[in-house]
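The values are calculated or read from the model by the stated rules, or taken from the named source; none is laboratory data. Bear in mind that the values here come from a model prediction, so they are computed numbers and not experimental data. Glycine gets a Cβ as well: all are built from the backbone with ideal geometry, and neighbour counts include every protein chain shown.
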């Protein structure tokens, strides 16, 4: 994962442990004070939220423990690989797009961050500027020309 992706996960983990977890514990305590737990919707909602928070904490801790942080600024080359920022043009519509190839949990297409496991990223890996990548989409085969490979 990129350093930015690691920092994002670490911030979420700290928020969950310092804010969310104590808040849900307080909500459970308050709901318990209301009496009969079998018919207490607030209690059941708080317990469900607590389960989600604890699951997310475990998931993030696992990802962080296994993470390999890649410093994209130290990478270079002309071929597309993890961390590269790639400018492509759709050969049908002539629309240009710019994507950084990142780890799965960092992906956000709206922010120009494409998962390494996505069909477009997999098609681009190992290619260079001027190469054409064909990707199978639900609407059929789309062709993209790689205009530029950058290391930002």
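Condition test on residue 5, is it in contact (Cβ under 8 Å) with a residue 40 or more places away in the chain, within 30 Å of residue 127 (Cβ to Cβ) and assigned to a helix (DSSP H, G or I)? Let's see the steps before the verdict.
Values: in contact (Cβ under 8 Å) with a residue 40 or more places away in the chain: yes; within 30 Å of residue 127 (Cβ to Cβ): yes; assigned to a helix (DSSP H, G or I): yes.
Yes; evaluated as a whole, the condition is true for this residue.
Please go through region 73-95 and give me each residue that is crowded, with 19+ Cβ neighbours inside 10 Å and over 22 Å from residue 142 (Cβ atoms), ordered by number.
Result: 83, single match.
Considering only residues that are in a loop (DSSP other than H, G, I, E, B) and exposed (fewer than 15 other Cβ atoms within 10 Å of the Cβ), which ones fall in region 130-145?
So in region 130-145, the residues in a loop (DSSP other than H, G, I, E, B) come out as 130-131, 138-139.
Matches in region 130-145: 130, 138, 139.
Filter region 83-101 for residues that are in contact (Cβ under 8 Å) with a residue 40 or more places away in the chain and assigned to a loop (DSSP other than H, G, I, E, B) and give the result.
Result: 83, 84, 91, 92.
Which residue, of 113, 98, is closer than 22 Å to residue 76 by Cα, assigned by TED's automatic domain parsing to the domain that holds residue 78, surrounded by 15 or more Cβ atoms within 10 Å (Cβ to Cβ) and in contact with a strand residue (DSSP E or B) (Cβ under 6 Å, 6 or more places away or on another chain)?
Details: 98 fails: surrounded by 15 or more Cβ atoms within 10 Å (Cβ to Cβ).
Residue meeting the stated conditions: 113.
Would you mind stating whether residue 61 is touching a residue at least 24 places away in the same chain (Cβ under 8 Å) and either exposed (fewer than 13 other Cβ atoms within 10 Å of the Cβ) or part of a helix (DSSP H, G or I) (or both)? Please lay out each step first, then the result.
Values: touching a residue at least 24 places away in the same chain (Cβ under 8 Å): yes; either exposed (fewer than 13 other Cβ atoms within 10 Å of the Cβ) or part of a helix (DSSP H, G or I) (or both): yes.
It is true that residue 61 is touching a residue at least 24 places away in the same chain (Cβ under 8 Å) and either exposed (fewer than 13 other Cβ atoms within 10 Å of the Cβ) or part of a helix (DSSP H, G or I) (or both).
What number goes with the only condition from (1) outside the structural domain of residue 17 (by TED's automatic domain parsing); (2) under 23 Å from the mean Cα position of the chain (by Cα) that residue 131 does not pass?
Unmet condition: (2).
So how many residues does region 9-56 have that are more than 29 Å from residue 104 (Cβ to Cβ) and either in the same structural domain as residue 102 (by TED's automatic domain parsing) or touching a residue at least 40 places away in the same chain (Cβ under 8 Å) (or both)?
0
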